[in-house]
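Trainee: Below is one structure. I have some questions about it.
The values are calculated or read from the model by the stated rules, or taken from the named source; none is laboratory data. Predicted, not measured: the structure shown is a model, and the values here were computed from it. Cβ coordinates were reconstructed from backbone atoms using ideal geometry, including for glycine residues, and neighbour counts include every protein chain displayed. The area values use the complete protein model at the heavy-atom level, side chains included, leaving out ligands, DNA and RNA. Shrake-Rupley method; radii C 1.70, N 1.55, O 1.52, S 1.80 Å.
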Amino acid sequence: KLRNDVWIGELAHGSQTSWRVDDKYFNGGNNTFNPGLIRSEMRWFLSNPGRIAPQSWPSESGRTTPLYYDEWIACQDSMKDDLIDPTICDDPPTYCFRDILLPGCQPQAIWKEDNMWSPRRGHGAVVANNKIFLIGGRAREQNRIDETRLVGGIDGHKRFETMKDHSTIREDLVLKNDIWISEDGSGSSWTLVNPG
């Protein structure tokens, strides 16, 4: 299972290093390694349990198509210039945070505060200047599947063609080379620096 939760590590109280190694790290005279004698002095705290995009648009928004990951993060500063109408990303009135379906409220502008990197593995993380950088990895995102990628039916039955205005979706594993930053140093909020 891929995740996007954030954990922060701290040294145990009074500890100078993150690992404690016992001088007797080999078992007796047979020179076999005893991993029980190396102990971490780190304590870990959950900073952010992770967030994922909703599976669909708000019911009264008038949109009947599923919500894709790129639509959820569309108002990130590094992406909004590519939008047909970037004004949907303007700061929403405060009443929109109480009820997203009120007139004048754009879901993507409201979701911007909740955006973060998609659940993934194989990514890199760096802490520098009290900022956390997350780079690339293999991610799970809800995306449209092109008709040419749909293969056959089940048990010899012909594959059903989808209607042209009805999308076929699934959570696809994709390789990413995006860069996200958490400037609060705790991983609570994230900003997309480079979509890759």
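Trainee: Suppose we filter region 38-50 for residues that are of a type in the set (D, E, K, R) and open to solvent by less than 60 Å² (accessible area, probe 1.4 Å); how many remain?
Mentor: Filtering region 38-50 down to residues of a type in the set (D, E, K, R) leaves 39, 41, 43.
Keeping just the survivors that are open to solvent by less than 60 Å² (accessible area, probe 1.4 Å) gives 41.
Summing the residues that are of a type in the set (D, E, K, R) and open to solvent by less than 60 Å² (accessible area, probe 1.4 Å) in region 38-50 gives 1.
Trainee: Hey, does region 88-99 have a residue that's among the aliphatic types (A, V, I, L, M) and touching a residue at least 40 places away in the same chain (Cβ under 8 Å)? I'd like the intermediate steps shown before the answer.
Mentor: Here is the first cut: in region 88-99, the ones among the aliphatic types (A, V, I, L, M) are 88.
After this cut, where a residue has to be touching a residue at least 40 places away in the same chain (Cβ under 8 Å) as well, the list is none.
Checked region 88-99: no residue is among the aliphatic types (A, V, I, L, M) and touching a residue at least 40 places away in the same chain (Cβ under 8 Å).
Trainee: Is it the case, given these coordinates, that Ile73 is touching a strand residue (DSSP E or B) at 6+ places or on another chain (Cβ under 7 Å), of a type in the set (Val, Ile, Thr) and at pLDDT 85 or above?
Mentor: yes
Trainee: Here's a follow-up. Kindly indicate whether any position in region 72-82 is buried (at least 18 other Cβ atoms within 10 Å of the Cβ), free of Cβ contacts under 8 Å to residues at least 60 places away in the same chain and in contact with a Pro (Cβ under 6 Å, 6 or more places away or on another chain).
Mentor: Within region 72-82 (the criterion being buried (at least 18 other Cβ atoms within 10 Å of the Cβ), free of Cβ contacts under 8 Å to residues at least 60 places away in the same chain and in contact with a Pro (Cβ under 6 Å, 6 or more places away or on another chain)), the answer is yes, since at least one residue qualifies.
Trainee: Also: When you scan region 68-89, how many residues do you find that are part of a loop (DSSP other than H, G, I, E, B) and under 23 Å from the mean Cα position of the chain (by Cα)? Quick ask: steps written out before the conclusion?
Mentor: In the first step, residues of region 68-89 are kept if they are part of a loop (DSSP other than H, G, I, E, B); the result is 68, 73-79, 83-85.
So of that shortlist, the ones also under 23 Å from the mean Cα position of the chain (by Cα) come out as 68, 73-79, 83.
Selection size over region 68-89: 9.
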